[in-house]
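A quick write-up on the structure given underneath.
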Amino acid sequence: MATYYPLIPRDAPRRLSLVLPIYNEVEVLPLVIERLKLLLPTLSSETEIIFVNDGSSDRSLDLLIAQANSDPRFKVVALARNFGHQIAATAGLDCAIGDAVVLMDADLQDPPELVSQMIEKYCEGYDIVYARRTKREGESLFKRISAWAFYRLMRLLVDRDLPVDVGDYRLMSQVSLSALRGMGERHRFLRGMASWIGFATAYVEFVRPPRAAGETKYPFRKMFSLAWDAAVSFSPFPLRLAFLLGGLFTALGLLYGAYAVFRVMSGLYVVPGWTSGVVLICLTSGTTMACLGVFGEYLARLYDEAKARPLYTVYRTVNFLPPKDL
């Protein structure tokens, strides 16, 4: 059952931050910048746009720096290497100073025009406003099915209150963002983290347009990797599944042993062979190795957390006040 939050209306944010992680988006960046320029005059808030270059190998950083040099409302955080989308998004959120912060992708599948609707919900008193997709245009049937399955699986494995059909496009109030910043784990699943902290939540719905240019940075392989990270980072379900598999094969072994004893005591013919033994050994050893792999995954993550390294390193920033400018 969803928690009840009494809503307290408030003014539009005096300062607004837009955070966009960038990785090899040289083809779409001119279109994104143009759309953002059209959006800015429609907002009553003082707005900063933070581009986080996640170690792009193309000329994305050159375009971002040129834009920031020509317009101080645009800011750049250049990470020293590719740390991944979730870490890049975290870096941008860490640098944002707005009373409200909007995280969005840079492929224009997150329409910037939705920001105004998000602010309306913010003014009603909501601390987190999600953009929920009602339809996906320009995507294959496989992509739509896999995305549908991803969100339902995450709700099963990670958090039953995890919003479905919702990506990273969201507005967060400063108080909810402060709570999110307090979560320092390295293996990050921002959608689950934003759901876990609570706070009053609202949605704005939209039809997701096709990518404006370039190629998706989330093919099936990366989506599967994100799902695995989310499951292992947020849920003990894989460990419980390993326990259940161990119990299942133990029960099967006991049942097979009881069946063999029954046949011997009943005087029935028992085939002297090794096939059944080999099959059972393969099944049980395979299950054991799979379970050890799951345990090892959790142990490796504990090892990563124990080292307490920074989440990211910054190569350069533009249009930030010292000491962020290097």
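The values are calculated or read from the model by the stated rules, or taken from the named source; none is laboratory data. Not measured: the values here are computed from a predicted model. FYI the Cβ positions are ideal-geometry reconstructions off the backbone, even for glycines, and counts take in every protein chain you see.
From (1) closer than 20 Å to VAL129 by Cα; (2) modelled with pLDDT under 75; (3) not aliphatic (A, V, I, L, M), pick out the condition that doesn't hold for THR216.
In the conditions (1) closer than 20 Å to VAL129 by Cα; (2) modelled with pLDDT under 75; (3) not aliphatic (A, V, I, L, M), THR216 misses (1) alone.
Please state which one of PRO21, PRO6 is under 27 Å from MET183 (Cβ atoms) and part of a strand (DSSP E or B).
PRO21
Out of curiosity, is SER116 at pLDDT 75 or above and in contact with a Ser or Thr (Cβ under 9 Å, 6 or more places away or on another chain)?
yes
Within segment 186-208, can you find the residues that are touching a residue at least 40 places away in the same chain (Cβ under 8 Å) and more than 13 Å from the chain's Cα centre (by Cα)?
Matches in segment 186-208: GLY198, PHE199, ALA200, THR201, ALA202, TYR203, VAL204, GLU205, PHE206, VAL207, ARG208.
Of everything in segment 86-108, what is in contact with an Asp or Glu (Cβ under 8 Å, 6 or more places away or on another chain) and either in a loop (DSSP other than H, G, I, E, B) or under 13 Å from LYS75 (Cβ atoms) (or both)? Give them in sequence order.
The answer is ALA96, ILE97, GLY98, MET104, ASP105, ALA106, ASP107.
Here is a list of conditions, (1) at pLDDT 90 or above; (2) surrounded by fewer than 21 Cβ atoms within 10 Å (Cβ to Cβ), and PHE51 meets all of them except one; can you say which number that is?
(2)
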